[in-house]
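This report concerns only the one structure given below.
The values are calculated or read from the model by the stated rules, or taken from the named source; none is laboratory data. Not measured: the values here are computed from a predicted model. FYI the Cβ positions are ideal-geometry reconstructions off the backbone, even for glycines, and counts take in every protein chain you see. Each accessible area value is taken on the protein alone, full model and side chains, heavy atoms only, with ligands, DNA and RNA left out. Shrake-Rupley method; radii C 1.70, N 1.55, O 1.52, S 1.80 Å.
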Amino acid sequence: MKVGDLVTLSAAGSKLDQNHIAKLAKFGIVMKLHGLSYRQEYKIDWILPEEVKVFGRRTPLGKVFYQSHLRYEIKKLKKNT
């Protein structure tokens, strides 16, 4: 996975209590990679619908909430064909 990829939570990431805001997101964008190759952290900007009542900055896509994740918590967003 690299910077700019669109992501969503994986099944393992959805089970974690710390990802409750990311569960509400439409999708996320990988903004930065941090850490060693065997323990890489992915800094994700999650795009939230306007009706979600959380703190986040507003963009034309919706509200944006920033969170860090390990690789097993996220997966690439699949294209609709």
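If the segment from residue 77 to residue 38 were pulled out straight at 0.36 nm per residue, it would be longer than the present Cα-Cα gap by 11.8 nm. A straight Cα-to-Cα reach below 20 Å connects residue 75 with the aspartates and glutamates 5, 17, 41, 45, residues fewer than 8 places away in its own chain not being considered.
Among the listed pairs 23/53; 2/78; 15/78; 32/53, a Cα-Cα separation exceeding 18 Å is found for 15/78; 32/53. Each label point was placed 7 Å from the Cα along the Cα-to-Cβ direction; for residue 17 and residue 51 their separation is 2.8 nm. Summarising the amide proton neighbourhood of residue 77: residues at separation of 5 or more, or on other chains, whose placed amide H is nearer than 5 Å comprise 6, 7, 8. Rounded to the nearest 20, the size of the Cβ-charge dipole of the chain about its Cα centre is 180 debye, with Lys and Arg at +1 and Asp and Glu at -1.
The apolar share of the surface of the chain, taken as the fraction of accessible area on carbon and sulfur atoms (1.4 Å probe, ligands and nucleic acids excluded), comes to 57 percent. The mean accessible area for residues of the stretch 1-69, using a 1.4 Å probe and ignoring ligands and nucleic acids, is 63 Å² per residue. Could you tell me which GluC sites (Glu not before Pro) in the chain are loop residues by DSSP with no more than 13 other beta carbons within 10 angstrom of their beta carbon? Of the GluC sites (Glu not before Pro), the ones in loops of the chain whose Cβ has at most 13 other Cβ atoms within 10 Å are 50, 51. Three principal axis extents of the chain based on alpha-carbon atoms, in descending order, are 37, 31, 22 Å.
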